[in-house]
Amino acid sequence: MSNTDSDSSTSTRSPLIGAIVAQVLGAVVSVLLFVFIMPEILAYPVLAGLIQGASASMMSYRLHAPRWWQAIHLAFPPLAVLGHSLALPPMVWLIAFALVLLIFWRTDQSRVPLYLTNATTAGALAQLIPSGPRYVLDIGCGDGGLLRRLARSRPDCEFVGIEHAPLTWLWARVLSSSLSNVHIRLGDFWKQPLAAYDLVYAFLSPTPMPALWLKVREEMRPGCLLVSNSFAVPDQNPLNIIEVADKRQSQLYCYRPGD
């Protein structure tokens, strides 16, 4: 799942600044290594790129960046070297960049990667929806797969998904068009009122959880349920933790805002 940028969900410093700092510091380490210790590595550009990536990843770790940023730092330089060796037309890279942007949008600001909820977790979540007609919201619904599974199992309920990445939103809307009880909206979930929903589902990241809890406490009705996949609300005891028997060993953290 992915989601939008918001002052409520991010720190004041953009992670792109941290990424640039990590790459620059990693480059300093790599240059010192290449010039004074192992200059012969420069004859192997991919290996040199991998060393630069490892150096930047290490710096990113030291700067307390999320793990997925460390993986990006590790992979980017060698992939850039390999990409350059292909000698593809510039338009190819422009199209690739546009597609990545339309799918992931401003993940650098939201701090929320694109996480997709698997079928096993969807089944566990379906058990948490109370009986009778209910309104369920997925904040950052990605391709809408979770909502479609829930909608088929609970045709008496209405399911709403918010997605900020344009191409991901369009794909979710197309795939969900045959289900009258699924509604996919393009936008920022921070601007979405929560008072109408009986259950709100989130699969975000650790960064926005404190701000999300504040929003939930202010807007959700007592007795309703917030379910967070994998990421707990800091300093809050969950009502329940559902252990999901999937490959990820997912955990669903359940909270009631009025408790």
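The values are calculated or read from the model by the stated rules, or taken from the named source; none is laboratory data. Since the model is a prediction, treat every value here as computed from it, not as a measurement. No Cβ is skipped: glycine too gets one built from the backbone with ideal geometry, and neighbour counts run over all protein chains shown.
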Among (1) surrounded by fewer than 21 Cβ atoms within 10 Å (Cβ to Cβ); (2) in contact with a strand residue (DSSP E or B) (Cβ under 8 Å, 6 or more places away or on another chain); (3) under 18 Å from residue 127 (Cβ atoms); (4) of a type outside the set (Ser, Thr, Tyr) - the single one residue 246 does not satisfy: (2)
Out of the residues in the range 200-229 that are small (Gly, Ala, Ser) and either touching a Phe, Trp or Tyr at 6+ places or on another chain (Cβ under 7 Å) or assigned by TED's automatic domain parsing to the domain that holds residue 69 (or both), state the one that is farthest from residue 122 (Cα to Cα). 205
All positions within the range 53-74 that are polar (S, T, N, Q) and either in contact (Cβ under 8 Å) with a residue 24 or more places away in the chain or surrounded by 24 or more Cβ atoms within 10 Å (Cβ to Cβ) (or both): 55, 57, 60
Which numbered condition residue 158 fails, given (1) modelled with pLDDT under 90; (2) touching a Lys or Arg at 6+ places or on another chain (Cβ under 9 Å): (1)
Flagged in the range 188-231 as in a strand (DSSP E or B) and farther than 17 Å from residue 144 by Cα, in numbering order, are 225, 226
What number of residues within the range 111-148 satisfy the criterion of being more than 20 Å from the chain's Cα centre (by Cα) and not polar (S, T, N, Q)? 10
Looking only at the range 156-196, how many residues end up being touching a residue at least 40 places away in the same chain (Cβ under 8 Å), buried (at least 24 other Cβ atoms within 10 Å of the Cβ) and aromatic (Phe, Trp, Tyr)? 1
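So that you can scan it fast, the table gives a plain yes or no per residue for (1) more than 25 Å from residue 69 (Cα to Cα); (2) β-branched (Val, Ile, Thr):
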site: 181; (1), (2): yes, no
site: 190; (1), (2): no, no
site: 194; (1), (2): yes, no
site: 199; (1), (2): yes, no
site: 206; (1), (2): no, no
site: 217; (1), (2): yes, no
site: 221; (1), (2): yes, no
site: 227; (1), (2): yes, yes
Here is a check on your reading of the model: is residue 56 at pLDDT 85 or above, touching a His at 6+ places or on another chain (Cβ under 8 Å) and among the hydrophobic types (A, V, I, L, M, F, W, C)? yes
Residue match in the range 225-237 (condition: farther than 15 Å from residue 136 by Cα and in contact with an Asp or Glu (Cβ under 8 Å, 6 or more places away or on another chain)): no
